[in-house]
Amino acid sequence: MENSTQMFWTGLSPDEAREALVNKNKSMWDKRMSLKEAVSRFIKNGDNIGIGGFVHVRQPVATCHEMVRQGFKDLTLSFQSAAMAPEILAAAMMIRPDHCTIKRIELAYWGHESFGLSPAWRYLGERGMIEFEDWSNYNMSARFKAGAMGLPFIPTRGPLGGDIPNTSRTRVMDCPFTGRPIALLPASNPNVALIHVQAADMYGNCIIRGTDGTCAEIAMASAHTIVTCEQLLDHEIITSNPKDIAIPFPAVDAVVQVPFGAYPGACRRHYYYNGDEILKFLGLISPMVKGGSADALKTWYDEHIFGVETFGEYIETFQTRKLIADQAAEAVHCQRLA
Amino acid sequence: MENSTQMFWTGLSPDEAREALVNKNKSMWDKRMSLKEAVSRFIKNGDNIGIGGFVHVRQPVATCHEMVRQGFKDLTLSFQSAAMAPEILAAAMMIRPDHCTIKRIELAYWGHESFGLSPAWRYLGERGMIEFEDWSNYNMSARFKAGAMGLPFIPTRGPLGGDIPNTSRTRVMDCPFTGRPIALLPASNPNVALIHVQAADMYGNCIIRGTDGTCAEIAMASAHTIVTCEQLLDHEIITSNPKDIAIPFPAVDAVVQVPFGAYPGACRRHYYYNGDEILKFLGLISPMVKGGSADALKTWYDEHIFGVETFGEYIETFQTRKLIADQAAEAVHCQRLA
Amino acid sequence: MTVATDFTAQELIVVAGAKVLEDNKIVFVGTGLPMVATLLAKLTHAPGLIPVFEAGAVGPPLLHGLPISVGDSKTGTGASYMKGLNAAFELTQRGFADFGFIGGAEVDMYGNLNSTMIGEFPDEYHKPKVRLPGSGGTADMAASCERTILIVPHERKKFNEKLSYVTSPGHLDGTPGARQKAGMQGKGPYRLITTKGIFDFDEETKRMRILYTFPGETIKSVQAATGFELLVAPHVAEFPPPTVEEVRLIRETVDPRGIFVKRAA
Amino acid sequence: MTVATDFTAQELIVVAGAKVLEDNKIVFVGTGLPMVATLLAKLTHAPGLIPVFEAGAVGPPLLHGLPISVGDSKTGTGASYMKGLNAAFELTQRGFADFGFIGGAEVDMYGNLNSTMIGEFPDEYHKPKVRLPGSGGTADMAASCERTILIVPHERKKFNEKLSYVTSPGHLDGTPGARQKAGMQGKGPYRLITTKGIFDFDEETKRMRILYTFPGETIKSVQAATGFELLVAPHVAEFPPPTVEEVRLIRETVDPRGIFVKRAA
């Protein structure tokens, strides 16, 4: 067994994760609350935060806005591929390190695909301002899956051969059945999962349309889960096809209806990407990578996050025409009778 | 690492399972064929057969009838909890060992729940006529899952402490992350999966209603998959909600529409159990456990399997009134507008 | 709340099983009498009880009555999750199941269960006297539910010092931390319900202990039907007979066709 | 089939990428130019090509055009399976993906790719000169697809003897059976497409080998832009320029908004 780095747990250890769930009230109770309450009740300084979605799909943008508004220190962020969620949290650290800090990131990819690299990742990474641990998309997904399964690790065929095993807590062992090397990845059990979904009931049963990402695994692995949803529906509607439920209620602690909660990213059946807004926001951070001024970025945060009470007020800053256009674009990709 | 029994693979080894899939034509081609053709083309003597469904839910009954008609030797059967499928195959061995034989069974449960114990299991097991390996439902499900994931093994928290690790190929090791013991189960990659589903298209995309059982895992783990379905639908209908597809087409080799293909077991949305028929069939085998005559059982096989060309002819032996009543019973449990 | 005079041993076991179940808890339900007791509990004191069935259904309201199998279509309708066996057992392994409710053909003083074979082990494993169905999901529930509730009909040949085969581990050999040392999770057997009484497991020794005797039984009669020495709780009480209402519910609503609860006493 | 005279380096790479893809095969498609090449292949010689996207979609017809992300809603519509990241990578690990189609910021002579960092490793890992996005799914596709097709823009600083970081393992150090010995599956890098030509990897040494030069390039000019010694196939051919029809398809149908294929040469 090769040991590349010392073993330690971030978030909860497997035994702590089990204990957290055993002691939790897992019954059906009305979990509706404001996002302000959900964030203040379930997130603490130092927490490991599991971020749902995939790149700009169903990122928990509204919840990250609220986290910035309230301010948290020494966070660990865990995700496979993310875009706006870590960007919002990290850029807040760039302008208000007294108020928001990220200590560590466990990730496969932080970037914006066709919208470019992440300037906040470059800024923090290239200045050595945060710890991080590189994995792949399957590695992180499998780590959440191990956490969701109540296992301390999961075997995978990667990472093997490259540098990921050299810079992570991967263990490589000879398979006791085949004799060939196989990687063992430590489970990830975040303190809190942030998940945005298309629909939920008040108990926390969630329906996800389009890609599931790794949302169910993150929610099941975490000690607490904050769900934001586009639609809040009656339990009877949500359970009318039980197999549509991606996350069952006992895994959820807070349910908050937040229309456009993943915007300017995309949410299947609801809205397509607002690429202009994504590029505009990244454009405020980019100059800082090369040592430019933070003023424009500060102004943005003051106006869109610190200066408003709720994410709804941020959404109201968009032109109705644009919101409707992004809804219409999405309606073309997954056509359904209303 | 404790080694209770010598390691060996039944069905395909992980490397063989990979190779089988790499060399297979995984494109979209018309896989419709008769059950006779599917069984003769994909099943060979000595094969490890992965059996889908769960107890009397969606057992591949029609395919087992056809297997008995054609006759196979030295089969290994792999399943979590099964009822009529192994009963049909095993009772055939009891009356026609020249024609049908089972060499080995890897299982969690073979019985009929409220309909009683399995007489064929008792007959063969208590006479030492077959090899077998006991596992639990999760063990077998996880073994198929490991096979479906392309892994040589999967860790689980059980079997530990009891006798299953003493009578199976389980390896118990100390977790390299926590130091606590954990079980490693060898993957199961059957040669052929037998799966009955509610709906499929001609390429093999399958929709399963109600419990998924472990059908997707068995199909993805196996070198070949024979699908029988209640409904054969257009590709565009089947893919109208891609997340409804439990088994994607590249995992499937044959698609056969067989109405009542799991009867007298149950199939969600289509028909509920015909308990009378189940009890009647078991009643033909039971006397043999205590040394009774095989005559009645032989007669049944002659009339219902050997004496007919297709499973459809067997279904025609039921009273229409009874078939409609079993459909009506199921329609009460999952009410939908037609 | 009139006490019933006409009830069967199975009906009593079902009522006792139901009463052990707590409202608003998640219970992973094995096939047979545990299903009947769960449905009775939901219809009486525990409407918020959340059943999980190993074929996959989590939290169904069971509006269409008693399933005859843990994979029955009736378990699926209105469920809050349903993804197949791996998903159900994964969430159990994760810690979502407060209770597992299981049966077996044989039990020992530490709550270990056998549902695999009767005969000499290991010699007769491949040619047993009686071949039982096998674990099904009970070994998994035993390994990973937080606590387990066991149901075993009380006959001397089923209550043995040594089991033919340990299918579903309970407190193992009773040594402190035995389950954790073996790699299992959860606290193990919590209650045992038989046709003669209700038992728990001593905090220290993990040995089976009489808690309640059923009507007509005494500590002595229970011990006489048990193949090992039972511990006795400080204040053993007599478990009350079922009420007329409970018996009526079982016969008319819960299991009107007598699928699991037989009418003969 | 008139040859185009007006085409960009990116358009050429897309056409070359499309032509490498075989009809009726399953290709696991990374973000960016691989998506464009895949769509072009489906619209031309490979209508039966089956794309898989790491966010989960298997075999979508892509009727609504080019996705701007591998998680784009456009990948989901009409797909034959869609269960999230674990499911997509599990089926790849199982052997369902004939090809993986991936990019990187840096490549070495054995087809290993870097998309993690530029700088000295390991000293600068936690404070690199340039922090790149990270693996995403490329390390997984590299580890488990049966063969991989690589796309890297051909600049000397991207073709190095030693990578800053090996994110996605190719033929490792080129020794026979290196991938299998490391525990990976599949045959590794099959083709590399750059802005200067198409390469394969020598059967024996697993070293990068020129197969085709693009219009305007020679073996010498390609070698000059490469930071290690290239092998040369016995009969290096000039890759034909795209046809007018191919360029029109890219500009008008495949990527009309220039999301990945920029108009500037």
*Please name which of B:ALA294, B:ILE43, B:PRO186 has its Cα lying farthest along the dipole of chain B towards the positive end, using unit charges on Cβ (Lys, Arg +1; Asp, Glu -1) and the Cα centre as origin.*
B:PRO186
*In whole angstrom, how far apart do the alpha carbon centroids of segment B:1-59 and segment C:121-174 sit?*
31
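Let me know the charge dipole size of segment A:34-188 about its Cα centre in debye, to the nearest 20, where only the beta-carbon of Lys, Arg (+1) and Asp, Glu (-1) is charged.
That gives a dipole near 280 debye.
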*How high is the FRET efficiency from A:PHE8 to A:ASP174, r the C-beta distance, R0 30 Å, rounded to 0.05?*
0.80
*Positive-end residue of B:HIS270, B:MET93, B:PHE8, charge dipole of chain B with Cβ unit charges*: B:PHE8
*So what's the gap between the Cα centers of segment D:220-265 and segment A:259-311, to the nearest angstrom?*
36
*Which value, in debye to the nearest 20, gives the size of the charge dipole of segment C:9-254 about its Cα centre, when Lys and Arg are +1 and Asp and Glu are -1 at the Cβ?*
220
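Restricting to DSSP H runs of at least four residues, report the calculated mean residue ellipticity at 222 nm for the protein assembly as shown, -39500 (n - 2.57) per run over all residues, nearest 500 deg cm²/dmol.
Working: 40 runs with 343 residues, N = 1206.
Using -39500 (n - 2.57) per qualifying helix, the result is -8000 deg cm²/dmol.
Kindly put B:ARG104, B:ARG143, C:ARG263 in sequence by how many other C-beta atoms sit within 10 Å of each C-beta, fewest to most.
Values: B:ARG104 16, B:ARG143 29, C:ARG263 10.
Starting with the residue having the fewest Cβ neighbours, the order is C:ARG263, B:ARG104, B:ARG143.
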*Only Lys, Arg, Asp and Glu count, each charged at its Cβ (+1, +1, -1, -1), so figure out the dipole size of the protein assembly as shown about its Cα centre, rounded to 20 debye.*
180
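List the pairs from B:LYS298/C:LYS129; B:LYS280/C:LYS127; A:LYS145/D:LYS74; B:LYS280/C:LYS187 whose alpha-carbon separation is above 32 Å, in the order I gave them.
Values: B:LYS298/C:LYS129 26 Å; B:LYS280/C:LYS127 27 Å; A:LYS145/D:LYS74 26 Å; B:LYS280/C:LYS187 43 Å.
Violating the 32 Å limit, Cα to Cα: B:LYS280/C:LYS187.
Rank these for me by crowding, D:VAL29, A:VAL289, going from fewest to most other beta carbons within 10 Å.
Numbers: D:VAL29 29, A:VAL289 21.
Lowest count first: A:VAL289, D:VAL29.
For chain A, the longest stretch holding no chymotrypsin sites (Phe, Trp or Tyr not before Pro) located in a DSSP loop with at most 14 other Cβ atoms within 10 Å is which? Numbers along the way, then the final one.
Numbers: sites that count: A:PHE8, A:TRP29.
Within chain A, the longest run free of exposed chymotrypsin sites (Phe, Trp or Tyr not before Pro) spans A:30-338.
From Cα pairs below 8 angstrom and at least 6 apart in sequence, can you work out the relative contact order of chain D, rounded to a whole percent?
Relative contact order comes out at 20 percent.
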*asked:* Under the rule of at least 5 residues apart or a separate chain, name every residue whose amide H is placed under 5 Å from the amide H of D:THR243.
replied: D:ALA4
*What is the calculated FRET efficiency for A:ASN23 to A:LYS73, with r their C-beta to C-beta distance and R₀ = 25 Å, to the nearest 0.05?*
0.45
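Count the DSSP beta bridges whose two residues both fall in the protein assembly as shown, then state the antiparallel fraction as a percent rounded to the nearest 5. Don't skip to the answer; put the middle values down first.
Values: 64 of 170 bridges.
Of the beta bridges lying entirely in the protein assembly as shown, close to 40 percent run antiparallel.
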*Among C:PHE96, C:MET208, C:VAL20, pick out the residue whose Cα is farthest towards the positive end of the charge dipole of chain C, where Lys and Arg carry +1 and Asp and Glu carry -1 on C-beta, about the Cα centre.*
C:PHE96
_Suppose we keep just the DSSP beta bridges with both residues in chain C; what percent of those would be antiparallel, to 5?_
40
*Considering only the other residues whose Cβ falls under 14 Å of the Cβ of B:GLU309, what net charge follows from Lys and Arg at +1 and Asp and Glu at -1?*
-4
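Less than 15 Å Cβ to Cβ from A:THR299, Lys/Arg counted +1 and Asp/Glu -1: what total charge do the surrounding residues give? All intermediate terms of the calculation are to be shown ahead of the outcome.
Numbers: positive: A:ARG96, A:LYS280, A:LYS298; negative: A:ASP295, A:ASP302, A:GLU303.
Summing Lys and Arg as +1 and Asp and Glu as -1 gives 0.
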*Please identify every one of the GluC sites (Glu not before Pro) in segment D:224-265 that sits in a loop by DSSP and has no more than 16 other beta carbons within 10 Å of its own beta carbon.*
D:GLU229
*With a 10 Å Cβ neighbour count serving as the proxy for reagent exposure, in which order, fewest first, do A:HIS304, A:HIS270 appear?*
A:HIS304, A:HIS270
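Counting DSSP beta bridges with both partners in chain B, what percentage is antiparallel, nearest 5?
Numbers: 17 of 49 bridges.
The antiparallel fraction comes to roughly 35 percent.
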*Rounded to whole Hz and in sequence order, give me ³J(HN,Hα) for segment D:251-257 from the Karplus expression 6.51 cos²θ - 1.76 cosθ + 1.60, θ = phi - 60°, writing x for Gly and Pro.*
6, 9, 10, 6, 9, x, 8
*Restricting attention to segment A:274-338, which GluC sites (Glu not before Pro) occupy a DSSP loop and are surrounded by at most 15 other Cβ atoms within 10 Å?*
A:GLU309, A:GLU316
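No lab work stands behind these numbers, since they all come straight from the coordinates. Worth saying up front: this structure is predicted, and the values here are computed from it rather than measured. Every residue, glycine as well, gets a Cβ built from its backbone with ideal geometry; the counts of neighbours run over all protein chains shown.
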